[in-house]
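Note sheet for the following structure.
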Amino acid sequence: MTLALERTNAPAVVAETVVSHEIPTVACAGLRVPLVTGGEIGYANLDHAASAPCLDKVRDAVDEFLPWYASVHRGAGFASQISTKLYERTRGILRDFVDARSTDTVVFTRNTTDSFNLLARSLPKHTSVVVFDTDHHAALLPWKGPNVRRIQTPRTRLAAVSAVDEALADCPQGPRLVVITGASNVTGELLPVKEIAAVARRHGARIALDAAQLAPHRKISVRKLDVDYIALSGHKLYAPFGAGALIGRADWLRAAQPYLAGGGATKLVTRDTEDLGVVWNAGAERHEAGSPNTVGVYALGVACQELAGNWDAIVAHEDELLARLRRGLAGIPGFAELRLFDAPVDRVGTLSFVVDGFEPGWVAAVLSAEYGIGVRDGAFCAHVATKRLISAAGSTGQQAIRVSLGLGSTTEHVDRLVLALRQIVARGARWQYEKPEGRWVPENDPRELPPFCA
């Protein structure tokens, strides 16, 4: 296809086309955004790795449920019974979604960060933790104490497996946990989870899988991967209503002090003396104090069911778009893609890159303001990984640009991005930009915010 983009108020783009697979649809498909140069254009959301748009099925399901929304677990009213049924039924949906064991506990949290902080609080005393230093901060930071080993990610998958083996061999006697990311949120590359799990088993270690970036793109089996815990986020899974989950073996969670102290986590509270006597719940409710996010949990379950029935189409859709994207970006002068591993590996539809001579934040601002394209710039809550990989790519910067594909992405979005980057590199921007508070924005931005932002 020959691509051309004229310098007009609103950029001329190729006709809107969607890769021809039956995939779940998203609620923002018809969203149009204003341009600083005048006019408006369909929004090209290429930032799914940060937060994915809401599925149409999820939005419709939430709208249907909202009139029935009420308290859960202890309400006698009919609406409360409905809410409780949906809330508890979602535990089974999540367990099935990741092919977990029937005995695994499903604790509802806010997101992956919340899940790993809960797990960190639940570790037995003196547990050794092994984690790669290139992981997202959600998986990198919660672990505390002298037995935490944050190891450098090698440049090959085989070396990564060996590095975990060596780190575990160096751990003191006692409980051990390996934390592994399923798919890098910087590069989209899949890590060798199953191989690392096999090594961990030889050392008597448990495995916690960060599936925040993997779960929206690939079918997951806890049993086939042989992991003990899995954390995921609804806002990555096309259910942006503030719920996530930690799914895994019950014993450590059952033995730990409640993550939060309060109603819902308690079975009985007494006061026979000056002190309170508290009997805590033993199940998942032990770590779900307070009124739960029933709507968010229900939305997460609906999203998981919708994705589970469409994996072949979802993977084919994203693979085609990713191949198209990489072909287009490779021809841009100064382009360098960030990669964890030297050899090509399986990956989801996320990639990060730098363009020699162009500040990522400025490029992202131009893409948004002049082309209606949303990408991410920065270090992506994986600062160690991003800075190291930028250096490995031969650049001296501290930040990169990330493009992440998903169910809302189209071939037109990909083509528009490639065209826009070619124009920016060749001709610069058509508008002036400033950096008043550390981020690039258009000078004298004429665009009006929608009424609900006023």
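Quick check on my filter: what residues within the stretch 396-440 are part of a loop (DSSP other than H, G, I, E, B) and either among the acidic types (Asp, Glu) or open to solvent by 40 Å² or more (accessible area, probe 1.4 Å) (or both)?
Let us first name the residues in the stretch 396-440 that are part of a loop (DSSP other than H, G, I, E, B), namely 396-399, 405-410, 428-432, 435-440.
Correct list: Thr396, Gln398, Gln399, Arg430, Trp431, Gln432, Lys435, Pro436, Glu437, Gly438, Arg439, Trp440.
Report whether or not Asp60 is more than 22 Å from the chain's Cα centre (by Cα), modelled with pLDDT of 95 or more, open to solvent by less than 90 Å² (accessible area, probe 1.4 Å) and farther than 22 Å from Ile247 by Cβ. Yes.
Modelled with pLDDT of 95 or more, closer than 26 Å to Ala200 by Cβ and touching a strand residue (DSSP E or B) at 6+ places or on another chain (Cβ under 8 Å): is that true of Ala231 in this structure? When the stated conditions are applied, Ala231 passes them.
Scanning the stretch 278-293 for residues that are crowded, with 24+ Cβ neighbours inside 10 Å and closer than 19 Å to His235 by Cβ yields one hit, Glu288. Listed by first and then second residue, the pairs with beta-carbon distance under 8 Å, at least 6 apart or on different chains, first residue in the stretch 84-105 and assigned to a helix (DSSP H, G or I), second of a type in the set (S, T, N, Q) and surrounded by fewer than 20 Cβ atoms within 10 Å (Cβ to Cβ), are Ile93/Gln305; Arg95/Ser102; Phe97/Gln305. Has the stretch 129-143 got any residue that is under 16 Å from Gly204 (Cα atoms) and open to solvent by 30 Å² or more (accessible area, probe 1.4 Å)? No, every residue in the stretch 129-143 fails to be under 16 Å from Gly204 (Cα atoms) and open to solvent by 30 Å² or more (accessible area, probe 1.4 Å). Of the strands (runs of 3 or more DSSP E) entirely within the stretch 240-347, those holding at least 1 residues that are closer than 30 Å to Ala27 by Cβ and touching a Ser or Thr at 6+ places or on another chain (Cβ under 9 Å) occupy 244-248.
Of all residues in the stretch 337-353, those being aliphatic (A, V, I, L, M), crowded, with 19+ Cβ neighbours inside 10 Å and more than 20 Å from Arg416 (Cβ to Cβ) number 3.
Filtered by the rule that a residue be open to solvent by 70 Å² or more (accessible area, probe 1.4 Å) and of a type in the set (A, V, I, L, M), the stretch 441-454 gives Leu449, Ala454.
The set of residues in the stretch 365-389 that are part of a helix (DSSP H, G or I), within 19 Å of Ala50 (Cβ to Cβ) and in contact with a Leu (Cβ under 8 Å, 6 or more places away or on another chain) comprises Leu367, Ala369, Tyr371, Val384, Ala385, Thr386, Leu389.
Scanning the stretch 220-271 for residues that are surrounded by fewer than 21 Cβ atoms within 10 Å (Cβ to Cβ) and among the polar types (S, T, N, Q) gives Ser221, Gln257, Thr266, Thr270.
Take the residues in the stretch 314-333 that are small (Gly, Ala, Ser) and within 19 Å of Ala49 (Cα to Cα); name whichever of them is surrounded by the most Cβ atoms within 10 Å (Cβ to Cβ). Don't jump to the end; show me each part of the working.
Taking the stretch 314-333 as the starting set, the residues that turn out to be small (Gly, Ala, Ser) are 316, 323, 328, 330-331.
When the remaining residues are screened for being within 19 Å of Ala49 (Cα to Cα), the result is 316, 323.
Numbers: Ala316: 14, Ala323: 12.
Filtering the stretch 314-333 for residues that are small (Gly, Ala, Ser) and within 19 Å of Ala49 (Cα to Cα), the one surrounded by the most Cβ atoms within 10 Å (Cβ to Cβ) comes out as Ala316.
The values are calculated or read from the model by the stated rules, or taken from the named source; none is laboratory data. Please read these numbers as outputs of a predicted model, since none were measured by experiment. When we count neighbours, we look across all protein chains shown, and the Cβ atoms used for this are built from the backbone with ideal geometry, even at glycine. Each accessible area value is taken on the protein alone, full model and side chains, heavy atoms only, with ligands, DNA and RNA left out. Shrake-Rupley method; radii C 1.70, N 1.55, O 1.52, S 1.80 Å.
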